[in-house]
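Everything below concerns the one structure shown next.
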Ligand SMILES: Cc1ncc(COP(=O)(O)O)c(C=O)c1O
């Protein structure tokens, strides 16, 4: 079973038509944010059923602008999941807000809505109000959006979907669920994601005011909107009413995004086939736990999080990493629980034991290769490599 390749957990899918799409834009008059960016926004709106879309430099920038557009202020309380990328929590820090976490549901690995409700009640009993919840559709499995929406109506917080993993996922047979439940939805087009623009992100929303603020903030807080100007010296004239950023994305990146979006459904179906293969391979192996999928959900499989019972098997995860690498597969771990990052421990006093399900998940989780260009031969190689490595501890 020797194979000179090393398999990593994720990889972009770039074909000739992508290269041509980018090259077509490069000689244009506009290569930074211009007409192709608007076209990409229109395609995103259509695909995800949103009234408004703003494409931006990356998914962290879009979360930052969501935080500003939703008017999060110093000491506001923002809740997210500990099993996510840093940005889902950091966006609150950017604007001086406080971060709190709620543990994950052990089956879906998304925020546990029962524990969230308990936390909301606790805050209410202390006369504190939670400003927003950033729910992460982790790995491509939608959070329990129906319950989240009910809690939003009951407790009056804002709801953000950090949707970076879940493009193409379905909730109650709806591929356009994200904007229906959340006030604002965050996308990343990093190369490991379902579709890429190299670096890139987007904010989708059905709220005109949020969209207006995001569009202004991504270009230095400048506006040329005649309805907002205090005066108008001429066609060159702009005004700045608040501090913004340069979070623009280029038109040639958006050309890539448009071409990739056309193939999103194909990408998702390839990812689902790979997940099916892994599911059937590992299903009867009691050393591992395969990801489960709720009945009302279709998973988008940005990641295939396989849990290995390292604790029960008395296997050292770090040693397992190197043994598996020897056998040709390099896994990544998603994620180191955010509350255990030194910054969050020091700033808010979080500690080991605060969110035990997330911590156990981190101990066991490995993200194994999943991307559309993996062939059957690759999958045979990868699964055999994992099995052989596990067997080597017998
Ligand atoms: C859940 C989640 N949120 C936010 C981000 C940030 O996106 P970006 O890397 O484009 O800044 C990522 C990307 O890694 C992510 O996975």
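The values are calculated or read from the model by the stated rules, or taken from the named source; none is laboratory data. The structure presented is a predicted model; accordingly, all values stated were derived computationally and were not measured. Please note: Cβ atoms are built from the backbone with ideal geometry, for glycine as well, and neighbour counts cover all protein chains shown.
In the range 182-212, what count of residues is obtained for those that are within 22 Å of residue 265 (Cα to Cα) and more than 8 Å from the ligand (Cβ to nearest atom)? So that I can check it myself, show each step before the final result.
Of all residues in the range 182-212, those within 22 Å of residue 265 (Cα to Cα) come to 185-205.
Next cut, more than 8 Å from the ligand (Cβ to nearest atom) only: 185, 187, 191, 194-198, 202-205.
Selection size over the range 182-212: 12.
State which residue pairs qualify: first residue in a strand (DSSP E or B) and inside the range 213-225, second residue surrounded by fewer than 22 Cβ atoms within 10 Å (Cβ to Cβ) in any location, beta carbons under 6 Å apart, and separation of 6 or more residues or different chains.
222/238; 222/240; 223/239
Could you list, in sequence order, the residues of the range 167-186 that are assigned to a strand (DSSP E or B), farther than 19 Å from residue 91 by Cα and touching a residue at least 60 places away in the same chain (Cβ under 8 Å)?
170, 171
So, in the range 54-95, exactly how many residues are in contact (Cβ under 8 Å) with a residue 24 or more places away in the chain and not in a helix (DSSP H, G or I)?
The qualifying residues number 20.
This table checks each residue for (1) in contact with a strand residue (DSSP E or B) (Cβ under 8 Å, 6 or more places away or on another chain); (2) within 16 Å of the ligand (Cβ to nearest atom); (3) closer than 22 Å to residue 280 by Cβ.
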{"residue": "295", "(1), (2), (3)": "no, no, yes"}
{"residue": "307", "(1), (2), (3)": "yes, no, yes"}
{"residue": "315", "(1), (2), (3)": "yes, no, no"}
{"residue": "328", "(1), (2), (3)": "yes, no, yes"}
{"residue": "332", "(1), (2), (3)": "yes, yes, no"}
{"residue": "335", "(1), (2), (3)": "no, yes, no"}
{"residue": "338", "(1), (2), (3)": "yes, yes, no"}
{"residue": "341", "(1), (2), (3)": "no, yes, no"}
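Which number in (1) under 21 Å from residue 301 (Cβ atoms); (2) over 12 Å from the mean Cα position of the chain (by Cα); (3) within 16 Å of the ligand (Cβ to nearest atom) marks the one condition that residue 174 misses?
(3)
Can you find a residue in the range 42-53 that is in the same structural domain as residue 165 (by TED's automatic domain parsing), closer than 24 Å to residue 168 by Cβ, within 16 Å of the ligand (Cβ to nearest atom) and assigned to a strand (DSSP E or B)?
yes
Of the residues 31, 6, which single one is surrounded by fewer than 19 Cβ atoms within 10 Å (Cβ to Cβ), within 25 Å of residue 195 (Cβ to Cβ), touching a helix residue (DSSP H, G or I) at 6+ places or on another chain (Cβ under 9 Å) and not assigned by TED's automatic domain parsing to the domain that holds residue 141?
None of the others qualify; the one that does is 6.
Can you name every residue in the range 315-343 that is closer than 23 Å to residue 379 by Cα, under 22 Å from the mean Cα position of the chain (by Cα) and either at pLDDT below 95 or surrounded by fewer than 19 Cβ atoms within 10 Å (Cβ to Cβ) (or both)?
If the condition is that a residue be closer than 23 Å to residue 379 by Cα, under 22 Å from the mean Cα position of the chain (by Cα) and either at pLDDT below 95 or surrounded by fewer than 19 Cβ atoms within 10 Å (Cβ to Cβ) (or both), then 330, 332, 333 are the ones that fit.
Take the range 89-111 and flag every residue that is within 12 Å of the ligand (Cβ to nearest atom) and over 17 Å from residue 145 (Cα atoms).
89, 90, 91
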